[in-house]
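Colleague: Below is one structure. I have some questions about it.
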Amino acid sequence: MKNIRYGNFKRGAVANPYIPSLCNVGFMGYGVFDSNDMAHNIWRGMIERCYGTNKNRVRDISYSECYVSSDWHNYQNFAKWYKNNYYQIDGEVMMLDKDILTKDNKTYSENSCIIVPNSINMLINGRTRSDGGDSPLGVSYHKKTKKYQASCNKNGKPIYLGIYDTPQEAHMAYKQYKEKLIKDMANSYYNKIPDKLYDALMNYKV
């Protein structure tokens with residue numbers, strides 16, 4: 001940055017990399033990372049999910065209370081973290097996750113985020129509720145029996161877990177089954193994922 005003449009800035013020949021250019025929040029900053037780095041699309045998607053306002057950057061309603069830490073508004077900071085924490089597992093799409101290490105976390109930051117295989121991300125964040133009502137996760141009202149059915153998605157397919165007298169009992173069946181699924185998956189990825197991710201999965205509570 002010091003080698004760029006002030007006159008070039010004044011004439012508009014060089015854009016100021018510290019002016020927020022993405023959703024009025026994110027900026028490129030000055031450093032070694034540019035838009036060709038693999039981290040750029042991840043950073044852009046993160047900013048747009050949380051702060052997007054126009055038709056091309058619509059803020060996802062499920063992210064209505066989510067934010068990006070101020071240091072990650074600077075792309076250079078995020079890209080450096082991403083490069084240092086990225087790893088690849090054969091056959092997997094790797095995702096940026098903010099709430100496996102800390103459940104229900106709302107802030108993207110270097111302390112809360114981790115790179116995870118998409119299969120793990122989908123298992124954790126997948127939801128099973130077939131009636132679309134107020135029933136707990138994994139529970140739907142069974143009209144024929146007038147009781148409550150428990151089910152859980154596994155590998156994209158619903159698994160039937162039984163009929164119960166109360167929604168609480170049905171949810172407990174779902175909870176126990178899903179927590180076992182998560183532990184089983186953690187063990188299947190042992191030595192392939194970071195220790196802190198493995199530990200978080202083994203202690204994860206639905």
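Colleague: Sorted from fewest to most neighbouring beta carbons within 10 Å, what does the list Thr166, Thr107 look like?
Modeller: Ranked by crowding around the Cβ, least crowded first: Thr166, Thr107.
Colleague: Evaluate the relative contact order of the chain (contact order divided by residue number), counting alpha-carbon pairs under 8 angstrom at least 6 apart; express in whole percent.
Modeller: Normalised by residue count, the contact order of the chain is 12 percent.
Colleague: Counting other beta carbons within 10 Å of each residue's own, what order do Val139, Val68, Val25, Val32 fall into, fewest first?
Modeller: In order of increasing Cβ crowding within 10 Å: Val32, Val25, Val68, Val139.
Colleague: Can you give the angle from 0 to 90° between the axis of helix 167-188 and the longest principal axis of the chain, with both taken from C-alpha atoms, to the nearest 10?
Modeller: In the chain, helix 167-188 runs at an angle near 60 degrees to the longest axis.
Colleague: Relative contact order (percent) for the range 140-206, with alpha-carbon contacts under 8 angstrom and 6 or more residues of separation?
Modeller: Across the range 140-206, relative contact order equals 22 percent.
Colleague: At a Förster radius of 25 Å, what calculated FRET efficiency corresponds to the Cβ-Cβ distance of Asp37 and Ser112, to the nearest 0.05?
Modeller: The computed FRET efficiency comes out at 0.70.
Colleague: Another question, if that's okay. Take Ser188 and His142, extend 7 Å from each Cα along the Cα→Cβ direction, and tell me the distance between the two endpoints in nm.
Modeller: 2.7 nm
Quick note: the coordinates plus some simple rules give every number you see, no bench work behind them. Bear in mind the structure is a predicted one, so any value in this text is a computation, not a measurement. Methodologically, a virtual Cβ is constructed for each residue, glycine included, from the backbone with ideal geometry; neighbour enumeration extends over all protein chains shown.
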